[in-house]
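The values are calculated or read from the model by the stated rules, or taken from the named source; none is laboratory data. Everything numeric here is computed off the predicted structure, so don't read it as measured data. A quick note on method: Cβ atoms are made from the backbone with ideal geometry, for glycine too, and the neighbour counts reach across all protein chains shown. Each accessible area value is taken on the protein alone, full model and side chains, heavy atoms only, with ligands, DNA and RNA left out. Shrake-Rupley method; radii C 1.70, N 1.55, O 1.52, S 1.80 Å.
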Amino acid sequence: MLVLVAPGQGAQTPGFLTPWLDLPGATDRVAAWSEAIGLDLAHYGTKAEAEEIRDTAVAQPLLVAAGLLSAAALRASPGVVAGHSVGEITAAALAGVIGDEAALRFVRTRGLAMAEAAAVTETGMAALLGGDPEVTVAHLEKLGLTPANVNGGGQIVAAGTAEQLAALNEDKPEGVRRVVALKVAGAFHTHHMAPAVERLRAAAGDLDVSDPSVTYVSNADGKTVATGHEVITRLVGQVANPVRWDLCMETFKALGVTALIEACPGGTLTGLAKRALPGVQTLALKTPDDLDAARTLIAEHAGAR
(Lines give C-alpha, C1' and ligand atoms only; values in the text may rest on other atoms or scores of the structure.)
Protein backbone atom coordinates (compact mmCIF):
# COMPACT_ATOMS: atom_id res chain seq x y z
CA MET A 1 0.00 0.00 0.00
CA LEU A 2 1.37 3.37 -1.10
CA VAL A 3 0.55 6.77 0.39
CA LEU A 4 1.28 9.99 -1.49
CA VAL A 5 1.66 12.98 0.82
CA ALA A 6 1.99 16.72 0.15
CA PRO A 7 4.05 19.07 2.35
CA GLY A 8 2.94 22.28 4.00
CA GLN A 9 4.20 25.83 4.20
CA GLY A 10 7.88 26.26 4.97
CA ALA A 11 8.97 23.51 2.57
CA GLN A 12 9.51 26.00 -0.27
CA THR A 13 13.01 27.22 -1.20
CA PRO A 14 14.15 29.71 -3.87
CA GLY A 15 14.16 28.22 -7.36
CA PHE A 16 12.69 24.86 -6.34
CA LEU A 17 10.17 24.85 -9.21
CA THR A 18 12.79 25.45 -11.92
CA PRO A 19 13.60 21.84 -12.95
CA TRP A 20 9.93 20.82 -12.92
CA LEU A 21 9.10 23.36 -15.61
CA ASP A 22 11.29 21.41 -18.03
CA LEU A 23 8.80 18.52 -18.01
CA PRO A 24 6.53 18.26 -21.07
CA GLY A 25 3.51 20.56 -20.73
CA ALA A 26 4.53 21.88 -17.30
CA THR A 27 5.16 25.47 -18.41
CA ASP A 28 1.75 25.66 -20.08
CA ARG A 29 -0.03 24.20 -17.05
CA VAL A 30 1.65 26.64 -14.69
CA ALA A 31 0.90 29.55 -17.03
CA ALA A 32 -2.79 28.62 -17.08
CA TRP A 33 -2.92 28.33 -13.30
CA SER A 34 -1.11 31.65 -12.95
CA GLU A 35 -3.64 33.38 -15.17
CA ALA A 36 -6.53 31.79 -13.28
CA ILE A 37 -5.38 33.08 -9.89
CA GLY A 38 -3.60 36.29 -10.89
CA LEU A 39 -0.19 35.21 -9.58
CA ASP A 40 2.94 34.50 -11.62
CA LEU A 41 3.77 31.08 -10.22
CA ALA A 42 6.67 30.50 -12.62
CA HIS A 43 8.37 33.71 -11.48
CA TYR A 44 7.97 32.95 -7.79
CA GLY A 45 9.02 29.33 -8.22
CA THR A 46 12.16 30.09 -10.23
CA LYS A 47 13.42 33.65 -9.65
CA ALA A 48 12.01 34.99 -6.37
CA GLU A 49 14.12 35.35 -3.24
CA ALA A 50 13.41 33.52 0.02
CA GLU A 51 11.60 36.47 1.60
CA GLU A 52 9.24 36.82 -1.36
CA ILE A 53 8.13 33.19 -1.22
CA ARG A 54 7.79 33.36 2.55
CA ASP A 55 4.71 35.51 1.92
CA THR A 56 1.73 33.33 2.82
CA ALA A 57 -0.31 34.54 -0.15
CA VAL A 58 2.50 33.41 -2.49
CA ALA A 59 3.83 30.32 -0.73
CA GLN A 60 0.55 28.45 -0.49
CA PRO A 61 -0.45 28.46 -4.19
CA LEU A 62 3.17 27.79 -5.12
CA LEU A 63 3.26 24.67 -2.96
CA VAL A 64 -0.01 23.33 -4.33
CA ALA A 65 1.11 23.94 -7.91
CA ALA A 66 4.41 22.15 -7.28
CA GLY A 67 2.67 19.25 -5.59
CA LEU A 68 0.22 18.78 -8.46
CA LEU A 69 2.96 19.02 -11.10
CA SER A 70 5.19 16.46 -9.40
CA ALA A 71 2.35 14.05 -8.63
CA ALA A 72 1.11 14.19 -12.23
CA ALA A 73 4.60 13.32 -13.44
CA LEU A 74 4.40 10.02 -11.56
CA ARG A 75 1.59 8.86 -13.88
CA ALA A 76 0.15 6.59 -11.18
CA SER A 77 -2.60 6.65 -8.58
CA PRO A 78 -1.72 5.93 -4.92
CA GLY A 79 -3.97 3.97 -2.61
CA VAL A 80 -3.94 6.70 0.04
CA VAL A 81 -3.40 10.49 -0.03
CA ALA A 82 -2.85 13.05 2.70
CA GLY A 83 -1.35 16.51 3.02
CA HIS A 84 0.11 18.57 5.81
CA SER A 85 -1.75 21.86 6.33
CA VAL A 86 -1.99 23.55 2.91
CA GLY A 87 -0.88 20.22 1.44
CA GLU A 88 -4.37 18.95 2.22
CA ILE A 89 -5.63 21.00 -0.73
CA THR A 90 -3.12 19.23 -2.97
CA ALA A 91 -4.32 15.91 -1.54
CA ALA A 92 -7.96 16.84 -2.17
CA ALA A 93 -7.15 17.48 -5.84
CA LEU A 94 -5.15 14.25 -6.11
CA ALA A 95 -8.13 12.38 -4.69
CA GLY A 96 -10.44 13.94 -7.30
CA VAL A 97 -12.46 15.90 -4.74
CA ILE A 98 -11.82 19.15 -6.64
CA GLY A 99 -10.14 19.93 -9.95
CA ASP A 100 -6.60 21.25 -10.22
CA GLU A 101 -7.60 24.79 -11.21
CA ALA A 102 -10.26 24.86 -8.49
CA ALA A 103 -7.60 23.81 -5.98
CA LEU A 104 -5.38 26.70 -7.09
CA ARG A 105 -8.25 29.19 -6.85
CA PHE A 106 -9.19 27.89 -3.40
CA VAL A 107 -5.63 27.98 -2.08
CA ARG A 108 -5.15 31.49 -3.45
CA THR A 109 -8.14 32.60 -1.37
CA ARG A 110 -6.74 30.69 1.61
CA GLY A 111 -3.33 32.31 1.33
CA LEU A 112 -4.70 35.83 1.00
CA ALA A 113 -7.15 35.34 3.88
CA MET A 114 -4.51 33.89 6.20
CA ALA A 115 -2.05 36.65 5.30
CA GLU A 116 -4.66 39.26 6.22
CA ALA A 117 -5.41 37.49 9.50
CA ALA A 118 -1.69 37.24 10.28
CA ALA A 119 -1.25 40.98 9.77
CA VAL A 120 -3.56 41.84 12.67
CA THR A 121 -1.09 40.75 15.38
CA GLU A 122 2.60 39.86 15.21
CA THR A 123 2.53 36.10 15.50
CA GLY A 124 4.61 33.14 14.41
CA MET A 125 5.44 29.45 14.83
CA ALA A 126 8.37 27.45 16.18
CA ALA A 127 9.20 23.75 16.04
CA LEU A 128 10.13 22.00 19.28
CA LEU A 129 12.40 19.01 18.84
CA GLY A 130 12.48 16.22 21.42
CA GLY A 131 10.69 15.92 24.73
CA ASP A 132 7.56 14.12 25.87
CA PRO A 133 4.45 15.27 23.94
CA GLU A 134 2.22 15.49 27.01
CA VAL A 135 4.78 17.51 28.96
CA THR A 136 5.40 19.78 25.97
CA VAL A 137 1.72 20.46 25.30
CA ALA A 138 1.05 21.31 28.95
CA HIS A 139 4.04 23.67 29.00
CA LEU A 140 2.90 25.42 25.80
CA GLU A 141 -0.57 25.95 27.19
CA LYS A 142 0.93 27.44 30.35
CA LEU A 143 2.70 30.00 28.15
CA GLY A 144 -0.50 30.75 26.21
CA LEU A 145 0.82 29.02 23.08
CA THR A 146 -1.10 26.56 20.89
CA PRO A 147 0.32 23.16 19.84
CA ALA A 148 -0.64 23.99 16.25
CA ASN A 149 1.08 21.01 14.59
CA VAL A 150 1.48 17.75 16.46
CA ASN A 151 3.73 16.09 13.91
CA GLY A 152 4.89 12.91 15.58
CA GLY A 153 8.48 11.77 15.34
CA GLY A 154 9.34 13.92 18.37
CA GLN A 155 8.17 17.22 16.86
CA ILE A 156 5.49 19.67 17.97
CA VAL A 157 5.04 23.13 16.47
CA ALA A 158 3.99 25.93 18.80
CA ALA A 159 2.13 28.99 17.57
CA GLY A 160 1.26 32.31 19.18
CA THR A 161 2.29 35.91 19.56
CA ALA A 162 5.86 37.14 19.24
CA GLU A 163 5.94 37.73 23.01
CA GLN A 164 4.77 34.20 23.76
CA LEU A 165 7.35 32.70 21.41
CA ALA A 166 10.09 34.81 23.02
CA ALA A 167 9.02 33.44 26.41
CA LEU A 168 9.26 29.91 24.99
CA ASN A 169 12.87 30.51 23.94
CA GLU A 170 13.66 31.49 27.50
CA ASP A 171 11.65 28.68 29.08
CA LYS A 172 11.73 25.48 27.01
CA PRO A 173 9.70 22.43 28.08
CA GLU A 174 11.62 19.73 29.89
CA GLY A 175 13.36 17.38 27.45
CA VAL A 176 13.09 19.67 24.42
CA ARG A 177 16.48 19.89 22.71
CA ARG A 178 15.86 22.81 20.38
CA VAL A 179 13.30 25.46 19.49
CA VAL A 180 13.48 26.40 15.79
CA ALA A 181 11.62 29.41 14.39
CA LEU A 182 9.69 28.51 11.22
CA LYS A 183 9.65 30.52 8.00
CA VAL A 184 5.96 31.34 8.14
CA ALA A 185 4.21 34.67 8.57
CA GLY A 186 1.74 33.94 11.34
CA ALA A 187 0.25 31.65 13.98
CA PHE A 188 -1.49 29.27 11.61
CA HIS A 189 -3.95 26.67 12.91
CA THR A 190 -4.87 28.80 15.92
CA HIS A 191 -7.64 31.21 16.89
CA HIS A 192 -5.60 33.98 15.26
CA MET A 193 -6.76 32.58 11.89
CA ALA A 194 -10.50 32.70 12.70
CA PRO A 195 -11.19 35.55 10.20
CA ALA A 196 -9.82 33.38 7.38
CA VAL A 197 -12.35 30.63 8.11
CA GLU A 198 -15.29 32.79 7.02
CA ARG A 199 -13.54 33.75 3.77
CA LEU A 200 -12.87 30.11 2.98
CA ARG A 201 -16.41 29.04 3.84
CA ALA A 202 -17.72 31.50 1.28
CA ALA A 203 -15.21 30.32 -1.34
CA ALA A 204 -16.10 26.69 -0.69
CA GLY A 205 -19.66 27.35 -1.79
CA ASP A 206 -18.43 27.84 -5.37
CA LEU A 207 -16.57 24.53 -5.59
CA ASP A 208 -17.69 21.59 -7.72
CA VAL A 209 -17.09 18.71 -5.30
CA SER A 210 -16.84 14.93 -5.81
CA ASP A 211 -16.24 12.11 -3.35
CA PRO A 212 -12.61 10.95 -3.01
CA SER A 213 -11.55 8.34 -5.57
CA VAL A 214 -8.84 7.01 -3.21
CA THR A 215 -8.51 6.89 0.58
CA TYR A 216 -8.19 10.43 1.96
CA VAL A 217 -6.71 10.93 5.45
CA SER A 218 -7.60 14.14 7.30
CA ASN A 219 -5.36 16.40 9.41
CA ALA A 220 -8.17 17.08 11.86
CA ASP A 221 -8.07 13.70 13.57
CA GLY A 222 -6.19 11.31 11.29
CA LYS A 223 -9.43 9.68 10.16
CA THR A 224 -10.31 8.71 6.62
CA VAL A 225 -13.03 10.82 5.00
CA ALA A 226 -15.45 9.25 2.53
CA THR A 227 -17.37 12.25 1.14
CA GLY A 228 -16.14 15.24 -0.77
CA HIS A 229 -18.31 17.67 1.14
CA GLU A 230 -16.80 16.50 4.43
CA VAL A 231 -13.30 16.94 2.97
CA ILE A 232 -14.13 20.56 2.07
CA THR A 233 -15.74 21.26 5.44
CA ARG A 234 -12.56 20.07 7.13
CA LEU A 235 -10.37 22.13 4.80
CA VAL A 236 -12.32 25.25 5.76
CA GLY A 237 -12.03 24.72 9.52
CA GLN A 238 -8.47 23.44 9.34
CA VAL A 239 -6.84 26.89 9.14
CA ALA A 240 -7.91 27.71 12.71
CA ASN A 241 -7.43 24.23 14.23
CA PRO A 242 -4.34 22.12 14.98
CA VAL A 243 -2.82 19.74 12.43
CA ARG A 244 -2.60 16.21 13.84
CA TRP A 245 -0.04 14.68 11.51
CA ASP A 246 0.86 12.20 14.24
CA LEU A 247 -2.65 10.74 13.96
CA CYS A 248 -2.41 10.68 10.15
CA MET A 249 0.70 8.52 10.46
CA GLU A 250 -1.08 6.23 12.93
CA THR A 251 -3.78 5.77 10.28
CA PHE A 252 -1.15 4.98 7.65
CA LYS A 253 0.00 2.17 9.96
CA ALA A 254 -3.55 0.91 10.44
CA LEU A 255 -4.17 0.92 6.68
CA GLY A 256 -1.06 -1.17 6.12
CA VAL A 257 0.94 1.45 4.26
CA THR A 258 4.31 0.06 3.17
CA ALA A 259 5.70 3.02 1.19
CA LEU A 260 5.38 6.82 1.34
CA ILE A 261 6.19 9.28 -1.45
CA GLU A 262 6.25 13.00 -0.68
CA ALA A 263 5.33 15.38 -3.50
CA CYS A 264 7.58 18.33 -4.36
CA PRO A 265 9.10 20.07 -2.45
CA GLY A 266 9.62 16.85 -0.53
CA GLY A 267 11.72 16.22 2.54
CA THR A 268 9.86 17.33 5.66
CA LEU A 269 7.21 14.60 5.80
CA THR A 270 9.58 11.84 4.74
CA GLY A 271 11.84 12.89 7.61
CA LEU A 272 8.96 12.52 10.07
CA ALA A 273 7.98 9.17 8.56
CA LYS A 274 11.48 7.77 8.92
CA ARG A 275 11.25 8.36 12.67
CA ALA A 276 7.60 7.43 13.23
CA LEU A 277 7.02 4.69 10.63
CA PRO A 278 9.91 2.22 10.86
CA GLY A 279 9.81 -0.32 8.06
CA VAL A 280 7.94 1.99 5.68
CA GLN A 281 9.98 2.90 2.60
CA THR A 282 10.08 6.65 1.93
CA LEU A 283 11.00 8.84 -1.00
CA ALA A 284 10.91 12.64 -1.37
CA LEU A 285 10.33 14.24 -4.77
CA LYS A 286 12.77 17.13 -4.83
CA THR A 287 13.61 17.28 -8.54
CA PRO A 288 12.50 15.29 -11.62
CA ASP A 289 15.63 13.19 -11.12
CA ASP A 290 13.71 11.46 -8.32
CA LEU A 291 10.87 10.30 -10.59
CA ASP A 292 12.41 7.02 -11.78
CA ALA A 293 13.04 5.84 -8.23
CA ALA A 294 9.50 6.90 -7.28
CA ARG A 295 7.99 4.95 -10.17
CA THR A 296 9.95 1.88 -9.09
CA LEU A 297 8.58 2.27 -5.57
CA ILE A 298 5.05 2.65 -6.95
CA ALA A 299 5.41 -0.52 -9.00
CA GLU A 300 6.44 -2.42 -5.88
CA HIS A 301 3.88 -1.01 -3.44
CA ALA A 302 0.82 0.37 -5.25
CA GLY A 303 -0.90 -2.92 -5.99
CA ALA A 304 -3.24 -2.80 -2.98
CA ARG A 305 -6.13 -0.38 -2.66
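Filtering Ala159, Ala113 for residues that are modelled with pLDDT of 95 or more, in contact with a strand residue (DSSP E or B) (Cβ under 9 Å, 6 or more places away or on another chain) and not charged (D, E, K, R) leaves a single hit, Ala159.
If only one of Ala11, Ala26 is among the aliphatic types (A, V, I, L, M) and more than 13 Å from Gln60 (Cα to Cα), which one is it? Break it down into steps so the answer makes sense when it comes.
Numbers: Ala11 fails: more than 13 Å from Gln60 (Cα to Cα).
Within the list Ala11, Ala26, the selection yields Ala26.
Looking across the range 278-296 at every residue that is assigned to a helix (DSSP H, G or I) and within 18 Å of Pro265 (Cβ to Cβ), the one that is most open to solvent (accessible area, probe 1.4 Å) is identified as Asp289. The set of residues from the range 49-103 being assigned to a loop (DSSP other than H, G, I, E, B), open to solvent by 10 Å² or more (accessible area, probe 1.4 Å) and farther than 21 Å from Glu300 by Cβ comprises Glu49, Asp55, His84, Ser85, Gly96, Gly99. Considering the range 161-197, the residues that are farther than 18 Å from Gly144 by Cα and touching an Asp or Glu at 6+ places or on another chain (Cβ under 8 Å) include one that is least open to solvent (accessible area, probe 1.4 Å), namely Ala196.
Taken over the range 224-248, the criterion of being open to solvent by less than 60 Å² (accessible area, probe 1.4 Å) and under 16 Å from Asp206 (Cβ atoms) is satisfied by Gly228, Val231, Ile232, Leu235, Val236. Checked against the criterion of being under 16 Å from Gln12 (Cα atoms), crowded, with 20+ Cβ neighbours inside 10 Å and free of Cβ contacts under 8 Å to residues at least 40 places away in the same chain, the range 30-41 has at least one qualifying residue.
You will find that of Leu200, Leu143, the residue that is buried (at least 21 other Cβ atoms within 10 Å of the Cβ) and not polar (S, T, N, Q) is Leu200 and no other.
Among the residues making up the range 104-116, those that are out of contact with any Ser or Thr (no Cβ under 7 Å at 6 or more places or on another chain) and either open to solvent by less than 10 Å² (accessible area, probe 1.4 Å) or among the charged types (D, E, K, R) (or both) are Leu104, Arg105, Phe106, Val107, Arg108, Arg110, Ala113, Glu116.
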